[in-house]
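> Dumping the structure here so I can ask a few things about it.
Each reported figure results from applying straightforward, stated rules to the coordinates on display, with no laboratory input. Computed from a predicted structure; not experimentally measured. Quick reminder, even Gly has a Cβ in these numbers, built from the backbone with ideal geometry, and neighbours come from all protein chains shown.
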């Protein structure tokens, strides 16, 4: 009963904090993704790097045009002056209607609900809400739930401004168009929805739409890899962001961040291999033991040890400790000891003292639920946990960038 009360209290608070709400939803989504569990408590560092490289993105975004679909749907409800008491329900119905059309379009890649259909629980509006704010397509820090609940206030404010504008015109006074800025929830330059939206919809951006989104990324994500690639590249056929062939031309600040990101990814990956190898040994599973030993050998053969030996750790902490991302003292200590172990001998994580460091970290985080001490928790281990390499949302970002580049290369009269 106590746990249920705490959970309800936290979720109620999140309704009024869009950034915290998105962070929590992203965490819940990660638990549903294969091999993405944060077993060693490095999520805050991972997310800080990802937010700097690809601001406004998440691991569950699929296609770029949802950044326009969502405001178009809401604008249509606002134009009909749907009241707050019905707004959430009408928004849900309209969004599901759009998704049904998208699932029958020629290009269904990235369509929400391809498998779950009408049973889909999390709609694109929730997935893209934080990104819409980060890219300046919606205004303010209002959470999605608060926007739904306060829509009547927006209507009333707009009515008052419209009356004042008519009064000024009747008197022959100059109209103060800046009055509308306080009640414009969406960017005034947002391209208009197609006339047949949402009945006929596709993921193909028109050139006008792509240029608008590109401008918003440049204005609101300056200095990020996302913004630089949007303007300076047209190829994303690599599995990790630091492998991108155009990065030789990118600013030194981005190169430095990618350098830290790559090295952090390397040490986290070998830590995960050590963790899973030790669990395989506890389970006495020869095939998994052999598999993780082979994966370690592959890692050791490719890891840039010279870069790890010369890694400027103070500069790394300065890079990742940004507002909104709290790195605890224990996490810092764990990472620094981990780097020291690898610098001394990477083999120690597989067959030496480094193994204890991994065990102690997991036990510290999980307590009685530790797989090292809890037989039931060990039985629930599926053979891998957190073993995929950190690439900081690159897979999602390159899909969004591909949509953007295709749109910017489209003709002005492309069917929308």
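> Using only the Cα atoms, work out Rg/Rh for the range 97-145, with Rh taken as the Kirkwood radius, to two decimals. Intermediate results must be reported in sequence, preceding the final value.
Numbers: Rg = 12.9 Å, Rh = 12.2 Å.
My calculation of the ratio gives 1.06.
> Follow-up. In nanometres, what is the gap between the two model label sites at residue 290 and residue 76, each 7 Å from Cα along Cα-to-Cβ?
My value for the distance between the label points is 5.7 nm.
> Can you give me the three principal axis dimensions of the range 66-203 from its C-alpha atoms, in Å, biggest first?
So the three principal-axis extents are 58, 27, 26 Å.
> Let me ask something additional. In what sequence do 365, 225 fall when counting other Cβ within 10 Å, fewest first?
365, 225
> Also, quick follow-up: Can you sort 271, 105, 58 by how many other beta carbons sit within 10 Å, fewest first?
Final ranking by Cβ density, sparse to dense: 105, 58, 271.
> Determine, for 187, 115, the number of other Cβ atoms within 10 Å of each Cβ, and report the residues in order from fewest to most. Present the calculation step by step, with values, prior to reporting the outcome.
Numbers: 187 17, 115 8.
So the residues, fewest neighbours to most, are 115, 187.
> So, R0 is 41 Å and r is the distance between the beta-carbons of residue 374 and residue 238; what FRET efficiency does that work out to, to 0.05? Let's see the in-between values first.
On the way: r = 40 Å, r/R0 = 0.97.
So, using R0 = 41 Å, E works out to roughly 0.55.
> For residue 365 and residue 297, what does the FRET efficiency come to when R0 = 22 Å and r is the distance between their Cβ atoms, rounded to the nearest 0.05?
Between residue 365 and residue 297 the formula returns 0.20.
> In percent, how large is the relative contact order of the range 49-115, given Cα pairs closer than 8 Å and 6 or more residues apart?
Values: 23 pairs, mean separation 18.2, N = 67.
About 27 percent, as a whole number.
> By how many nm would the segment from residue 156 to residue 309 grow when fully extended, if each residue of separation counts as 0.36 nm and the alpha-carbon distance is taken off?
Values: separation 153, 0.36 × 153 = 55.08 nm, distance 6.22 nm.
Length gained, residue 156 through residue 309: 48.9 nm.
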